[in-house]
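Colleague: Below you will find the structure I want to go over with you.
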């Protein structure tokens, strides 16, 4: 399977926010993500970088200090 | 390998713009994509939807009529 793990970068630290993400869709309220287990989340962040071969999506908070 | 094919939605039609995308990174001038063969492109579009299990990234032009 080719899903990816989603991490959020905040204050220089990465936190895993969802494993095995399949679907990602920018929406009005944030970025909607859903994984292969049916878990859903809308996160208020932007995409910083994705590396699909490494199964990695990195999000970044909107506001940086 | 878990790369995805990138399509651009324009006037209701999808066009394949890059096969086997590994890296994706929003930048100032657009979205930078690079595939596993080292090809690079910066596209002036936004992400509409991604389905990683289906190996699919769909971009959409900025301006919609």
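Colleague: If you take the residues of segment A:1-18 that are within 13 Å of residue A:54 (Cα to Cα) and touching a strand residue (DSSP E or B) at 6+ places or on another chain (Cβ under 7 Å), which of them is surrounded by the fewest Cβ atoms within 10 Å (Cβ to Cβ)? Step through it out loud before you land on a result.
Modeller: Step one: filter segment A:1-18 for residues within 13 Å of residue A:54 (Cα to Cα), giving A:1-7.
Next cut, touching a strand residue (DSSP E or B) at 6+ places or on another chain (Cβ under 7 Å) only: A:3-7.
On the way: A:3: 22, A:4: 27, A:5: 16, A:6: 26, A:7: 19.
Here the answer is A:5.
Colleague: Restricting the search to segment A:27-57, which residues are more than 7 Å from chain B (Cβ to nearest Cβ), in a loop (DSSP other than H, G, I, E, B) and farther than 13 Å from residue A:7 by Cα?
Modeller: If the condition is that a residue be more than 7 Å from chain B (Cβ to nearest Cβ), in a loop (DSSP other than H, G, I, E, B) and farther than 13 Å from residue A:7 by Cα, then A:27, A:28, A:29, A:30, A:37, A:38, A:39 are the ones that fit.
Colleague: What is the number of the single condition among (1) at pLDDT 95 or above; (2) assigned to a loop (DSSP other than H, G, I, E, B); (3) within 9 Å of chain B (Cβ to nearest Cβ) that residue A:24 does not meet?
Modeller: Status for residue A:24: all satisfied but (2).
Colleague: In segment A:32-51, how many residues are farther than 17 Å from residue A:14 by Cβ and touching a strand residue (DSSP E or B) at 6+ places or on another chain (Cβ under 6 Å)?
Modeller: 6
Colleague: Further question on the same structure: Of everything in segment B:2-21 that's more than 13 Å from the chain's Cα centre (by Cα) and on the phi > 0 side of the Ramachandran plot, which residue is farthest from the other protein chains (Cβ to nearest Cβ)?
Modeller: Initially, segment B:2-21 is screened for residues more than 13 Å from the chain's Cα centre (by Cα), giving B:2, B:11-13.
Those left that are additionally on the phi > 0 side of the Ramachandran plot: B:11-12.
On the way: B:11: 20, B:12: 18 Å.
Here the residue is B:11.
Colleague: For segment A:33-46: of the residues being under 10 Å from the mean Cα position of the chain (by Cα) and crowded, with 16+ Cβ neighbours inside 10 Å, which is nearest to residue B:53 (Cα to Cα)?
Modeller: Restricting to residues being under 10 Å from the mean Cα position of the chain (by Cα) and crowded, with 16+ Cβ neighbours inside 10 Å, the top hit is A:34.
Colleague: Filter segment B:47-65 for residues that are at pLDDT below 95 and loosely packed, with under 15 Cβ neighbours inside 10 Å and give the result.
Modeller: Applying the first criterion (at pLDDT below 95) to segment B:47-65 yields B:61-65.
Across segment B:47-65, the qualifying residues are B:62, B:63, B:64, B:65.
The values are calculated or read from the model by the stated rules, or taken from the named source; none is laboratory data. In this text the structure is predicted, and so the values were computed from the model without any measurement. As a convention, Cβ positions derive from the backbone with ideal geometry for all residues, glycine included, and neighbour counts pool all protein chains shown.
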